[in-house]
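The values are calculated or read from the model by the stated rules, or taken from the named source; none is laboratory data. Here the structure is a predicted model, which means the values were calculated and not measured. These area figures cover heavy atoms from the full protein model, side chains too; ligands, DNA and RNA do not enter into them. Shrake-Rupley method; radii C 1.70, N 1.55, O 1.52, S 1.80 Å.
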Amino acid sequence: MKNHKGWLAILIVVISLIIDQVIKINVKTSMSLGESIRITDWFYINFIENNGMAWGMTFFNKMVLSLFRLVAISLIGYYLYGQIKKNARLRYVVCLALILAGAFGNMVDSMFYGLIFNASSPYYVSYFVPFGQGYSSFLLGKVVDMFYFPLIVATWPDWFPFWGGEEFVFFSPVFNYADACVSVGVISILLFCRKDLDDLSTSFSTKRNKKNPVTEEDK
């Protein structure tokens, strides 16, 4: 059973990574930066790039963020391996594999896109260049985002403080498949794997108590 879960985790990571990269490369090599394709009133393919974390957020400079991602991916991978060895529940393994796949998918952009693509522009479609002759260096590539779901587009009432009269868009972030994998994995853990989180918390508490045993004087 452990082997089956391990192979399933690998399969999820590989397939998710392939899907993510196929979508990103297709968008990057067929659309100009900022171009938007309407699928429905509430779904657009909107090509943008960002230097930040999931959903376009930015808290650190690009190199620090990339190094942080590498550390996070290593820790998630190590933890997933440990959970498989412990024969953790299948749903927990699947959720962790989705998170790992999403994190690694965006990491690929940062590692290689700056080396293999020319810079994207609103005036032309990006294309492959000889390795190392791209728009940036290793770990400094930009992440490609494309999915935009403006589910509700309205206008704030004029009497509403601060935003009165301005346009309101419900769910305005532009994201990619890797972001979706991370989000689905995290939300699924919070909803369906509370037992596993409780076990993790208990394990940490036990290890901490072993390192710092409570003496009679402390009591």
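Values for this structure:
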read-out	value
Cα-based Lys pair tally, the chain, threshold under 14 Å, eight or more apart or on separate chains	7
DSSP-defined beta bridges in the range 12-154 - what % are antiparallel, rounded to 5	100 percent
Protein-only accessible surface order, largest first, of Asp198, Asp145 at 1.4 Å	Asp198, Asp145
Nearest 10 degrees, 0 to 90: helix 194-211 Cα axis against the chain principal axis	50 degrees
Å² per residue, accessible surface of the range 17-152 at 1.4 Å	50 Å²
Value of [θ]222 nm, deg cm²/dmol, for the chain, DSSP H segments ≥ 4, -39500 (n - 2.57) each, nearest 500	-16500 deg cm²/dmol
Under Karplus coefficients 6.51, -1.76 and 1.60, residue-wise ³J(HN,Hα) of the range 66-81 in Hz, glycine/proline x	5, 5, 4, 4, 4, 5, 4, 4, 4, 5, 5, x, 5, 5, 4, 4
